[in-house]
Structures are given as structure tokens and as C-alpha cells.
Amino acid sequence: MRLLASQYGENGTSTSVPDGNISADEAAFITLRCLTSIGRGLQIPDDTPVDLNKDENERSYWKDGEGRELQLQILTLITSICDAFPNSGEIIEEAGHVFRTGLVEDDGPMAFPPEDVAK
């Protein structure tokens, strides 16, 4: 995204990408919107029973396993987009929506540790 922003105008706003369809800021916004939709789609339904005997020290795919790498890639993507378009309120707001999808989850691709969200 940063490359698109630097090649196609001041912060990439209102300037078309080479194929002439959408601007770089629109592509970034659509990317974040897709991440938000994915996060909402992967949320556990509210009516799922709670396992009270669950071991809190149990190894987690998303926190300790291979899924953590995917989380870091998602964070890098969000950070890159926000850095490329710091003056776009829509993009910053949509990045917040991505983070909010994980707040209701204990574990999952969008359930980022608090220290990652604070960055």
C-alpha cells in the first residue's frame, strides 16, 4: 500500500491506480473492510456454551502456534495501510473496526493481544 501511495499521488487519494478502476486509498479501505468482514464471520456465536473446566494454560494455535504468524501479518498490513494514509478518517475508523471484531473473542485470528493493539 505504501508503494501505491507514493507512486500515485499525495497519500494516494483520488488518484487512479494503473488499471484505472479504483484509487489506492479506496483499495486500502476495501482491504480493511474485508478484514472486518472476515473477523465478524469467524466470531463464535453468542449462544455457544462456555466451558468452565477449560485450562487457561492450554496451548493456543493463535497465541502460541502457527496462527500467531498470521496475526502478525494482519497487524503489519493494518499498520502499513494506516501509515500510508494517515489523514484518512475512513481508513483509521475501519482499522478500529478490525480490532473490535477480536475484542469479543478469547482466541482467533483477530483476537490480538492488548500490547499489539496498543501499537
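For the stretch 61-71, how many residues are of a type outside the set (Asp, Glu) and free of Cβ contacts under 8 Å to residues at least 40 places away in the same chain? Lay out the reasoning, then the answer.
Going residue by residue through the stretch 61-71, those that are of a type outside the set (Asp, Glu) are 61-63, 65, 67-68, 70-71.
Now restrict to residues that are free of Cβ contacts under 8 Å to residues at least 40 places away in the same chain: 65, 68, 70.
Result for the stretch 61-71: 3.
To keep it simple, each residue is scored yes or no on (1) at pLDDT 95 or above; (2) surrounded by 19 or more Cβ atoms within 10 Å (Cβ to Cβ); (3) under 16 Å from Ala28 (Cβ atoms).
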site	(1), (2), (3)
Gln71	no, yes, no
Thr79	no, no, yes
Val104	no, no, no
Pro113	no, no, no
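Scan the stretch 67-105 for residues that are out of contact with any Leu (no Cβ under 9 Å at 6 or more places or on another chain) and in a loop (DSSP other than H, G, I, E, B) and report the count.
The number of residues fulfilling the criteria is 5.
Can you tell me how many residues in the stretch 81-102 are under 11 Å from the mean Cα position of the chain (by Cα), closer than 14 Å to Ala27 by Cα and among the small types (Gly, Ala, Ser)?
1
Taking the stretch 106-119 on its own, how many of its residues are in a helix (DSSP H, G or I) and aliphatic (A, V, I, L, M)?
Looking only at the stretch 106-119, we keep the residues that are in a helix (DSSP H, G or I), and these are 114-117.
Next, only the ones that are aliphatic (A, V, I, L, M) stay: 117.
Residues that pass the stated criteria total 1.
Report, ordered by the first and then the second residue, all pairs with beta carbons closer than 6 Å, sequence separation of six or more or different chains, a first member in the stretch 35-47 that is at pLDDT below 90, and a second member that is in a loop (DSSP other than H, G, I, E, B) and surrounded by 14 or more Cβ atoms within 10 Å (Cβ to Cβ).
Here the result reads Leu42/Gly108, each pair linking the stretch 35-47 to a residue that is in a loop (DSSP other than H, G, I, E, B) and surrounded by 14 or more Cβ atoms within 10 Å (Cβ to Cβ).
The values are calculated or read from the model by the stated rules, or taken from the named source; none is laboratory data. Just so it is clear, the model here is predicted, and its values are computed rather than measured. Note that we place each Cβ from the backbone using ideal geometry, even for glycine, and neighbour counts take in every protein chain shown.
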